[in-house]
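Colleague: There's a structure below that I have some questions on.
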Amino acid sequence: MFSYLRSIKERDPAARHYLQIILFYPGVKAVFWYRVANFLYTKLKLKLLGEFIMFMVRTIHGIEIHPAARIGKRLFIDHGSGVVIGETTVIGDDCTIYQGATLGGTGKERCKRHPTLGNNVMVGAGARILGNITIGDNVKIGANAVVLDDVEEGKTVVGIKGRTL
């Protein structure tokens, strides 16, 4: 837990101390409750309870994370209102997601239909990453970019439809 709080303090210049992060960062609360809901949903097969917990998170904080999503260590959701993380999404370690970003599907198929993010990926405000695509390690997705194709490691993506720089 301490390494998680320390990683947030390093990434957010507005974070003054750990108590502030614990008390006032909705993304931290959402990730905490996601961990509880994910355990209930995947390990104990209490799917309805896991979904209820995440419904409450969405209602209170405006952050929607499906309890079946797979999220690595130290995810930081900054200014989290409007963030959506779909059911088959996979997120690596040390990723940062800003407000209004969507990691979503493009259809109604019942297979892997959401994106996979590598480690140390930054997803800008309002970005849309859609479909069963892979975003490599150390990628930066610009604000309001729409990403529909795989992105190689270390690239930056901007625009609608997203293009790499």
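Colleague: If you check every pair at least six apart or on different chains, which have Cβ atoms under 6 Å apart with a residue in the range 92-110 that is under 20 Å from Tyr4 (Cβ atoms) and in contact (Cβ under 8 Å) with a residue 12 or more places away in the chain first and a residue that is in a strand (DSSP E or B) and open to solvent by 30 Å² or more (accessible area, probe 1.4 Å) second?
Modeller: Sorted first by the residue in the range 92-110, then by its partner, the pairs are Thr96/Met122.
Colleague: Tell me which residues, restricted to the range 141-165, are open to solvent by 100 Å² or more (accessible area, probe 1.4 Å) and modelled with pLDDT of 95 or more.
Modeller: Asp150, Glu152, Glu153
Colleague: With the condition kept exactly as written, say whether any residue in the range 17-38 is open to solvent by 60 Å² or more (accessible area, probe 1.4 Å) and not in a helix (DSSP H, G or I). Write out each step before concluding.
Modeller: If we filter the range 17-38 for residues that are open to solvent by 60 Å² or more (accessible area, probe 1.4 Å), which is where we start, we get 17-19, 22-24, 29, 32-33, 35.
If we keep only those that are not in a helix (DSSP H, G or I) too, we end up with 17.
Within the range 17-38, one or more residues are open to solvent by 60 Å² or more (accessible area, probe 1.4 Å) and not in a helix (DSSP H, G or I).
Colleague: Further question: So in the range 55-77, with the set limited to residues that are out of contact with any strand residue (DSSP E or B) (no Cβ under 6 Å at 6 or more places or on another chain) and outside any loop (DSSP other than H, G, I, E, B), which one is least open to solvent (accessible area, probe 1.4 Å)?
Modeller: Val57
Colleague: Related question: Please work out if Thr88 is closer than 24 Å to Lys108 by Cα, at pLDDT 95 or above, of a type in the set (Val, Ile, Thr) and part of a helix (DSSP H, G or I).
Modeller: The answer is no for Thr88.
Colleague: I've got another one for you. For the range 83-130, give me each residue that is touching a Cys at 6+ places or on another chain (Cβ under 8 Å), open to solvent by less than 50 Å² (accessible area, probe 1.4 Å) and within 19 Å of Asp12 (Cα to Cα).
Modeller: Val121, Val123
Colleague: Restrict the check to the range 11-24 and report whether at least one residue is in contact (Cβ under 8 Å) with a residue 24 or more places away in the chain and touching a helix residue (DSSP H, G or I) at 6+ places or on another chain (Cβ under 7 Å).
Modeller: So far as the range 11-24 goes, no, none of its residues is in contact (Cβ under 8 Å) with a residue 24 or more places away in the chain and touching a helix residue (DSSP H, G or I) at 6+ places or on another chain (Cβ under 7 Å).
Colleague: Within the set of pairs 6+ apart or on separate chains, which have a first residue in the range 41-65 that is over 23 Å from Ser81 (Cα atoms), a second that is at pLDDT 95 or above and charged (D, E, K, R), and C-beta atoms under 7 Å apart?
Modeller: Tyr41/Lys47
Colleague: Taking the conditions exactly as written (open to solvent by less than 10 Å² (accessible area, probe 1.4 Å), touching a residue at least 24 places away in the same chain (Cβ under 8 Å) and not in a helix (DSSP H, G or I)), does Gly80 satisfy them or not?
Modeller: So Gly80 fits the description; yes.
The values are calculated or read from the model by the stated rules, or taken from the named source; none is laboratory data. A quick note: this is a predicted structure, and the numbers were derived from the prediction, not measured. Methodologically, a virtual Cβ is constructed for each residue, glycine included, from the backbone with ideal geometry; neighbour enumeration extends over all protein chains shown. Side chains are part of the model used for accessible areas, which takes the heavy atoms of the whole protein and leaves out ligands, DNA and RNA. Shrake-Rupley method; radii C 1.70, N 1.55, O 1.52, S 1.80 Å.
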